[in-house]
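Worksheet: the structure to be examined is printed underneath.
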Amino acid sequence: MRNFNRESSKGNQLKFSLDGIWYKTDYMGYEGLSEYVISKLLAFSDLHPDEYVDYELEEIEYNGSVFRACKSKDFTDGWNLITLERLFKDTYGTGLNEIIYGTPDHKERLKILVEQVERTIGLKDFGIYMSKLITLDALFLNEDRHTHNIAVLTNGTGDFRLAPIFDNGASLLSDTSMDYPMGRDPLDLISKVKPKTFCDSFEEQLEISEKMYGENIHFTFGYNEVESVVEKADIYPEEIRRRVIDVVMEMKRRYSYLFT
């Protein structure tokens, strides 16, 4: 357990960096567990390890209270992380989200997002990057992916790099305090989860991205791998761990074509 004597961010959620490690406490439920589980399951995919952030779990004591948290190494390597929303406001005076939602056609929204980002940062294949994000979000039910947390890396002199995939905490029904309370059948809750990237249907987002940019990520994990990963997260109650296993396996069943 790590002991910290001060907050480095305001509000109820502790989020801070210390000695090259980023820490983020749970806020609405079990966000840290979601980050941890998803990063470990991505090891059973055809993503390269440098394409995603690897998370570990930690318990943090602050001001007499103990918080569950996840932690990860600083992946910026001296570069600055900038969200797409901030990048477009700084560059053009208008947020990317406003540009995307200026058209009612969902396919056009993704096309505009990709083309505008590629034009701005000078990197190709951003569509493939978005395809990977959208696939992961559908499989793991990430309801909080949007232009305010899709980000790229910049060195401040006009050079850009793709950021590794991060910020998967709002996945796997992790918000137990409001939207997905414990004690409810997770199969009933799954249908209530909606994405925010360019429309409110995971299935439609994935279908559009696959038609435009192809299938760009596949998985090999099964029940044994999922159980092994989740059961190591013993700072969480058994009820939560069991629910996470059930959700992952149900989504694996629904998107079985992504598995080899």
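The values are calculated or read from the model by the stated rules, or taken from the named source; none is laboratory data. Nothing here was measured: the structure is a model prediction, and the numbers come from that model. A quick note on method: Cβ atoms are made from the backbone with ideal geometry, for glycine too, and the neighbour counts reach across all protein chains shown.
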**OP:** Answer yes or no as to whether ASP167 is acidic (Asp, Glu), over 20 Å from ASP144 (Cα atoms), buried (at least 16 other Cβ atoms within 10 Å of the Cβ) and under 20 Å from the mean Cα position of the chain (by Cα).
**Re:** no
Subject >> helices (runs of 4 or more DSSP H) contained in region 150-259 and holding at least 2 residues polar (S, T, N, Q) >> reply: 202-213, 223-231
**OP:** Give ILE121, ILE100 a once-over and let me know the one that is touching a Leu at 6+ places or on another chain (Cβ under 8 Å) and over 18 Å from PRO195 (Cα atoms).
**Re:** ILE121
**OP:** Under 6 Å between Cβ atoms, at least 6 apart or on separate chains: pull out the pairs that start in region 46-64 with a residue that is farther than 14 Å from ILE217 by Cβ and without any contact (Cβ under 8 Å) to a residue 60 or more places away in the chain and end on any residue that is buried (at least 17 other Cβ atoms within 10 Å of the Cβ) and of a type in the set (Asp, Glu).
**Re:** TYR55/GLU35
Original post:
Taking the condition touching a Leu at 6+ places or on another chain (Cβ under 8 Å) and at pLDDT below 95, does TYR52 pass?
Top reply: no
**OP:** Just give me the residues in region 76-99 being within 20 Å of the chain's Cα centre (by Cα), hydrophobic (A, V, I, L, M, F, W, C) and buried (at least 17 other Cβ atoms within 10 Å of the Cβ), in sequence order.
**Re:** ILE82, LEU84, LEU87, LEU96
Original post:
How about region 137-161: which of its residues are at pLDDT 95 or above and on the phi > 0 side of the Ramachandran plot?
Top reply: LEU141
